[in-house]
Amino acid sequence: MNALTMPIADGWTIARRNTRKIRRSPDLLGSAIMFPIVFVLMFAYVFGSVIDVPGMSYREFLLPGIFVQAVLVSAQVTGYTLTLDLQKGIFDRFRSLPMAPSGVLIGQTVSDLLMNLASLVVMAVMGLIVGWRVHTAPHEAVLGFGLLLLFAYAFSWFTATVALALRTPESFNNIATTLSFPLMFVSNAFLDSSDLPAPLRVVAEWNPVSTITQAARELFGNTSAAMKTADAWPLQHAVPASLLWIAVILVVFIPLATRLYKKAVSA
Amino acid sequence: MSDAITAEGLVKRYGEVTALDGLSFTVPRGTVLALLGPNGAGKTTTVRVLTTLLRPDGGRATVAGYDVVGDARRLRSSIGLSGQYAAVDEHLTGAENLEMIGRLYHLGAKRSKARARELLERFDLTDAANRPVKGYSGGMRRRVDLAGALVADPPVLFLDEPTTGLDPRARAALWDTISELVAAGSTLLLTTQYMEEADHLADQIMVVDHGRAIARGTADELKDQVGGSRIELTVTDAAELETARQALARFAAGAVRTVPESLQITVAVTDGPESLRQVLGLLADAGVRVRDAGLRRPTLDDVYLTLTGHQASGTDPQAREATR
Ligand SMILES: Nc1ncnc2c1ncn2[C@@H]1O[C@H](COP(=O)(O)OP(=O)(O)OP(=O)(O)O)[C@@H](O)[C@H]1O
Ligand SMILES: [Mg+2]
């Protein structure tokens with residue numbers, strides 16, 4: 001096995017371990033399946049009854065935002081499981097084996113990607129039930145889901161980095177909650193960000209969550225001509241800007257997480 | 001290269017604490033070295049440095065010819081480790097744990113499966129093989145972890161307190177397994193708190209304290225090193241202990257050890273038979289009722305006590321667990 005195939009083979013072994021764990025942990029599985037169901041219903045019926053977006057149904061507008069939110073939440077599983085593993089001796093076992101050190105993080109992020117895929121499928125089915133529709137060609141819709149999954153994968157590396165820096169499940173959860181709420185709500189995911197007051201609007205327009213949400217809306221055709229379009233560059237060019245965000249996150253956080261992993265496990 | 005393990009002046013510091021203070025030793029291929037020492041002596045630190053889990057602050061070490069710092073990856077292909085605390089995945093079954101380890105040693109899917117089955121049988125875990133480790137007892141986890149060290153049949157093994165928490169039957173079974181492995185040519189570095197275990201398994205014993213080696217040799221050599229024979233005496237009543245202790249102290253070549261619970265006193269003496277005769281005479285005059293008295297060669301416990309000033313742990317794992 002060479003330097004290229006070993007991380008992949010070992011990553012796959014670790015990913016298999018994680019998917020088994022997920023299947024046996026009702027709490028993880030429950031949150032991956034229940035969360036989307038509850039959120040789609042809650043936003044569609046509670047928020048949907050008070051929020052109006054011009055030119056289209058709120059549910060159609062909402063669903064891409066909910067997809068992005070689900071992906072953000074599921075990607076936190078990566079960080080959370082890493083902190084749990086850090087507290088057990090299992091990383092000592094891994095490090096005494098002739099495996100590729102990067103295999104651990106590759107495996108973790110890949111298994112979480114699979115879980116994210118499952119969660120998106122449940123979510124899309126729920127969306128279809130409450131009235132969400134795709135208005136574009138099938139290949140564009142596939143690109144839309146592909147983009148969401150790519151973002152999910154990149155974001156997993158981010159949560160891994162945070163987790164390996166903090167090291168305990170409690171502190172990880174605190175930070176993750178504190179960070180993900182503004183990230184989600186100061187964005188265009190649940191409402192039209194052009195309605196926000198100036199400073200918040202600027203933050204929302206440059207928030208990567210808005211970029212990805214906008215890209216997903218375009219790829220699923222959940223947009224309306226009646227809505228004001230923001231001038232901010234990332235929203236004007238949502239798909240390339242999303243890809244750029246994903247690339248930047250991967251380039252920054254893969255090496256960072258890998259370095260922190262080495263440090264965390266040898267302490 | 002006839003040494004499977006070499007360590008030269010290993011130093012490891014944790015802030016103010018010097019866990020390893022220039023430790024040097026070698027373990028010839030195909031032999032067993034037992035590290036013996038009180039809590040905090042540096043045994044686990046030594047194992048972690050040699051298995052590449054910790055980088056030493058000073059010194060050099062090789063295992064199977066590979067440098068622990070420079071050649072870590074290849075070194076890891078040649079070792080098996082079972083650490084002081086079981087490193088198993090709770091959510092996986094025993095079989096899945098071992099199979100995963102096999103794959104990470106790059107044995108391939110088929111061999112990993114077969115090897116897992118073999119080892120589960122060997123460690124008497126076949127019945128539990130397909131249950132998540134979460135539901136295993138402490139001793140069963142320990143056995144899965146030990147099996148994990150053997151998955152790749154590595155030439156050099158590191159076992160950190162392998163039988164702590166095992167019942168006597170499992171301990172005896174593990175001793176047999178270890179003896180077989182060593183007979184087949186494996187090299188083993190073992191840490192233990194049980195003198196009996198060191199006596200039974202090790203070719204060489206090294207006593208460490210404060211990160212330094214304070215003695216090394218075969219069990220017999222160590223016993224000779226602390227020298228002389230022991231008078232061991234049991235009195236009938238606790239009130240007689242002090243009188244007996246004073247009488248014995250007159251012949252003592254070292255510290256007098258008193259165990260009040262068992263009314264027992266032990267002391268090292270130079271001229272065994274003559275000292276014993278005189279002690280018994282003195283005690284008879286003082287009216288102390290001696291229940292039992294005898295002369296014996298030093299045991300490893302005596303060696304340990306003399307060298308480290310610490311009482312060795314009892315040979316009963318349950319008793320030790322309870323005092324932890
Ligand atoms: N991660 C750590 N941080 C700080 N100090 C440590 C750490 N690990 C070990 N030490 C210290 O290093 C010394 C040696 O510890 P080590 O675990 O090697 O002892 P040991 O001989 O294995 O003891 P035991 O019989 O209790 O397992 C101790 O004083 C311990 O407190
Ligand atoms: Mg130890």
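Mind giving me the FRET efficiency for residue A:33 and residue A:171? R0 is 22 Å, r the Cβ-Cβ distance, nearest 0.05 is fine.
Numbers: r = 27 Å, r/R0 = 1.23.
After rounding to 0.05, the efficiency reads 0.25.
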key: Average beta-carbon neighbours from other chains, 10 Å sphere, peptide B:83-94   = 5
message = Can you give the log10 of the normalised intensity I(q)/I(0) at q = 0.16 Å⁻¹, computed with Debye over equal Cα scatterers of chain A?
response = -1.20
key: Estimated vicinal HN-Hα couplings, Hz - the stretch A:252-259 in sequence order (Karplus 6.51, -1.76, 1.60; Gly, Pro = x)   = 7, 8, 5, x, 5, 4, 4, 5
key: Paired Rg and Dmax values of the stretch B:126-249, which use every Cα atom, in angstrom   = 20.0, 62
ask   = In nanometres, what is the gap between the two model label sites at residue A:195 and residue A:19, each 7 Å from Cα along Cα-to-Cβ?
value = 4.2 nm
ask   = Once amide H atoms are placed 1.01 Å from N in the peptide plane, what residues at a sequence separation of 5 or more from residue B:291, or on another chain, have their amide H within under 5 Å of its amide H?
value = B:234, B:235, B:236
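Sorted by packing (mean other beta-carbon atoms within 10 Å per residue), highest first, where do B:236-246, B:131-141 land?
Values: B:236-246: 14.3, B:131-141: 16.0.
Ranking the peptides B:236-246, B:131-141 by packing returns B:131-141, B:236-246.
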inquiry  = Take residue B:253 and residue B:137, extend 7 Å from each Cα along the Cα→Cβ direction, and tell me the distance between the two endpoints in nm.
reply    = 4.4 nm
message = Taking beta carbons within 10 Å but only from partner chains, what does the mean come to for residues A:99-110?
response = 1
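Counting only helical runs of four or more DSSP H residues, what would the 222 nm mean residue ellipticity of chain A come to if each run contributes -39,500 (n - 2.57) and the total is spread over all its residues?
On the way: 11 runs with 205 residues, N = 267.
Value at 222 nm, helices only: -26000 deg cm²/dmol.
Taking the convex hull of the Cα atoms, report for the stretch B:1-115 its projected area averaged over all directions, in nm². Intermediate values should be presented prior to the final figure.
Working: hull surface 34.9 nm².
For the stretch B:1-115, the mean projected area of the Cα convex hull comes to 8.7 nm².
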ask   = What distance in nm separates the simple spin-label points at residue B:274 and residue B:261, each placed 7 Å from Cα in the Cβ direction?
value = 3.7 nm
request  = Order the peptides B:287-293, A:62-68 from the highest to the lowest mean number of other Cβ atoms within 10 Å of their residues.
outcome  = A:62-68, B:287-293
ask   = If you count, for every residue in B:73-82, the Cβ atoms of partner chains within 10 Å of its Cβ, what is the mean?
value = 3
note = With every protein chain in place, the accessible area of residue A:233 for a 1.4 Å probe, in Å² rounded to the nearest 10, comes to 120 Å²
key: Estimated D of the stretch B:228-297 in µm² per second, where Rh is the Kirkwood radius over Cα pairs and Stokes-Einstein applies at 25 °C, 0.890 mPa s   = 212 µm²/s
query = From Cα coordinates alone, what are the radius of gyration and Dmax values for the stretch A:1-138 in angstrom?
reply = 18.8, 60
Two-decimal ratio, the protein assembly as shown, of alpha-carbon radius of gyration to 2.2 N^0.38 Å = 1.30
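For the peptides A:130-142, B:198-210, what is the packing order when you average, over each peptide's residues, the other Cβ atoms within 10 Å and list the highest mean first? Don't jump to the answer; show the numbers that get you there.
Numbers: A:130-142: 14.3, B:198-210: 21.4.
In decreasing order of mean packing, A:130-142, B:198-210 become B:198-210, A:130-142.
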request  = Starting from the coordinates of the alpha-carbon atoms of the stretch B:3-223, obtain the Kirkwood hydrodynamic radius over all distinct pairs and give the value in Å to one decimal.
outcome  = 17.6 Å
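About the Cα centre, and with charges only on the beta carbon of Lys, Arg (+1) and Asp, Glu (-1), how big is the dipole of the stretch B:3-223? Nearest 20 debye, please.
Numbers: 27 positive and 29 negative charges, 153 e Å.
So the dipole magnitude of the stretch B:3-223 works out to roughly 740 debye.
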task = With 10 Å bins from zero, work out the P(r) of the stretch A:188-236 over every alpha carbon pair and list the percent per bin.
result = 27, 63, 10
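Run through every distinct alpha carbon pair of the stretch A:80-218 and return the Kirkwood hydrodynamic radius in angstroms, one decimal place.
Numbers: mean 1/r = 0.0575 Å⁻¹.
One decimal place: 17.4 Å for the Kirkwood radius.
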key: Residue-level accessible surface for residue B:251, protein heavy atoms, 1.4 Å, Å²   = 40 Å²
FRET efficiency, residue A:51 to residue B:16 (Cβ-Cβ, R0 56 Å, nearest 0.05) = 0.40
Charge dipole of chain B about the Cα centre (unit charges at C-beta), most positive-ward option of B:95, B:27, B:217 = B:95
key: Positive dipole terminus of the protein assembly as shown, leading residue within A:241, B:158, A:35 (C-beta point charges)   = A:241
task = Could you state how much accessible area residue A:88 has, in square angstrom rounded to the nearest 10, with a 1.4 Å probe and all protein chains kept in place?
result = 90 Å²
ask   = From the phi of every residue in the stretch B:103-113, what ³J(HN,Hα) in whole Hz does the Karplus formula 6.51 cos²θ - 1.76 cosθ + 1.60 yield, where θ is phi - 60° and glycine or proline is x?
value = 5, 6, 7, 6, 7, x, 4, 5, 5, 4, 5
key: Estimated 222 nm signal from helices in chain B, with DSSP H stretches of n ≥ 4 weighted -39500 (n - 2.57), rounded to 500   = -11000 deg cm²/dmol
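The values are calculated or read from the model by the stated rules, or taken from the named source; none is laboratory data. All values derive from a computational prediction rather than experimental measurement. So basically every Cβ, Gly included, is an ideal-geometry build from the backbone, and we count neighbours across all protein chains shown. Heavy atoms of the whole protein, side chains included, go into the accessibility calculation; ligands, DNA and RNA do not. Shrake-Rupley method; radii C 1.70, N 1.55, O 1.52, S 1.80 Å.
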